Ligand code: CA
């Protein structure tokens, strides 16, 4: 995996702990180099700090997600404050997960593992049940979503969330019920991440966004159209 982080202490801690877990870790302290390395190495996962010299993490993420050859690489953004998550989301950069600083190393490692497990599962068994509701078509085999005739790009996590909800129309899920199938069985991941991904999903779905309904005080459901 690739870690892009300009604070030396944090970089060392991350490198050490991830290596202890058996991962091969490449490190970059500069944003531009980070982007170059990600394109060259095609790592299994990128851990991306936001404030970086050269190029910030938001730009790097956007770059990688816009490029067909790097789009599938899972990205965890490391944000300086929890509130930055909203800023990053507002920019629609398409990261797969977010973790605020300061973080506990154990929590970060757990997130890394969960994200890797999910991306491996997807590559091994892409389910092939196509879902078609109104103007929306979800095709897991091709990892493709068509909304009103136009293809929409989703991150792996957003895609999983949409597919999961759409596979069970009419059923209401609490945030914690969505964590397991969508974000992974990692109890440390907060419910708030689900809201972050739902907001991003709705934004991208445009005219089809009303298919995802908020059930106040409970959670979310995919509209039952039959
Ligand atoms: Ca930084």
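The values are calculated or read from the model by the stated rules, or taken from the named source; none is laboratory data. These figures come from a predicted structure and were not determined experimentally. As a convention, Cβ positions derive from the backbone with ideal geometry for all residues, glycine included, and neighbour counts pool all protein chains shown.
Would you point out which residue out of 22, 82 is modelled with pLDDT under 90, more than 13 Å from the ligand (Cβ to nearest atom) and either assigned to a loop (DSSP other than H, G, I, E, B) or exposed (fewer than 14 other Cβ atoms within 10 Å of the Cβ) (or both)? First the steps, then the outcome.
Values: 22 fails: modelled with pLDDT under 90.
Going through 22, 82 in turn, just one is modelled with pLDDT under 90, more than 13 Å from the ligand (Cβ to nearest atom) and either assigned to a loop (DSSP other than H, G, I, E, B) or exposed (fewer than 14 other Cβ atoms within 10 Å of the Cβ) (or both): 82.
Name the pairs: first residue in the range 46-64 and over 15 Å from residue 99 (Cα atoms), second residue near the ligand (Cβ under 8 Å from one of its atoms) and part of a loop (DSSP other than H, G, I, E, B), Cβ to Cβ under 7 Å, at least 6 apart or on different chains?
52/6; 53/6; 56/50
Just one of (1) more than 30 Å from residue 205 (Cα to Cα); (2) within 16 Å of the ligand (Cβ to nearest atom) trips up residue 100, so point out which.
If we test residue 100 against (1) more than 30 Å from residue 205 (Cα to Cα); (2) within 16 Å of the ligand (Cβ to nearest atom), just (1) comes out false.
Considering only residues that are modelled with pLDDT of 65 or more and touching a strand residue (DSSP E or B) at 6+ places or on another chain (Cβ under 9 Å), which ones fall in the range 105-128? Full working, then the answer.
If we filter the range 105-128 for residues that are modelled with pLDDT of 65 or more, which is where we start, we get 105-121.
Correct list: 107, 108, 111, 112, 114, 115.
Please count how many residues of the range 52-79 are within 15 Å of the chain's Cα centre (by Cα) and in a loop (DSSP other than H, G, I, E, B).
Of the residues in that region, 5 qualify.
Yes/no per residue for (1) buried (at least 20 other Cβ atoms within 10 Å of the Cβ); (2) outside the structural domain of residue 14 (by TED's automatic domain parsing); (3) at pLDDT 85 or above; (4) on the phi > 0 side of the Ramachandran plot:
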{"position": "141", "(1), (2), (3), (4)": "no, yes, no, no"}
{"position": "145", "(1), (2), (3), (4)": "yes, yes, yes, no"}
{"position": "150", "(1), (2), (3), (4)": "no, yes, yes, no"}
{"position": "162", "(1), (2), (3), (4)": "yes, yes, yes, no"}
{"position": "172", "(1), (2), (3), (4)": "no, yes, yes, no"}
{"position": "183", "(1), (2), (3), (4)": "yes, yes, no, no"}
{"position": "186", "(1), (2), (3), (4)": "no, yes, no, no"}
{"position": "193", "(1), (2), (3), (4)": "yes, yes, no, no"}
{"position": "200", "(1), (2), (3), (4)": "yes, yes, yes, no"}
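I'm checking my understanding of the structure. Among residues of the range 4-19 that are more than 10 Å from the ligand (Cβ to nearest atom) and free of Cβ contacts under 8 Å to residues at least 60 places away in the same chain, which one is surrounded by the most Cβ atoms within 10 Å (Cβ to Cβ)?
So the first thing to find is which residues in the range 4-19 are more than 10 Å from the ligand (Cβ to nearest atom), and the list is 8-9, 12-19.
Now restrict to residues that are free of Cβ contacts under 8 Å to residues at least 60 places away in the same chain: 8-9, 12, 15-16, 19.
On the way: 8: 10, 9: 8, 12: 12, 15: 17, 16: 11, 19: 11.
Per the criteria, the residue is 15.
Which count do you get for residues in the range 34-51 that are under 18 Å from the mean Cα position of the chain (by Cα) and away from the ligand (no atom under 16 Å from the Cβ)?
Final tally of qualifying residues: 5.
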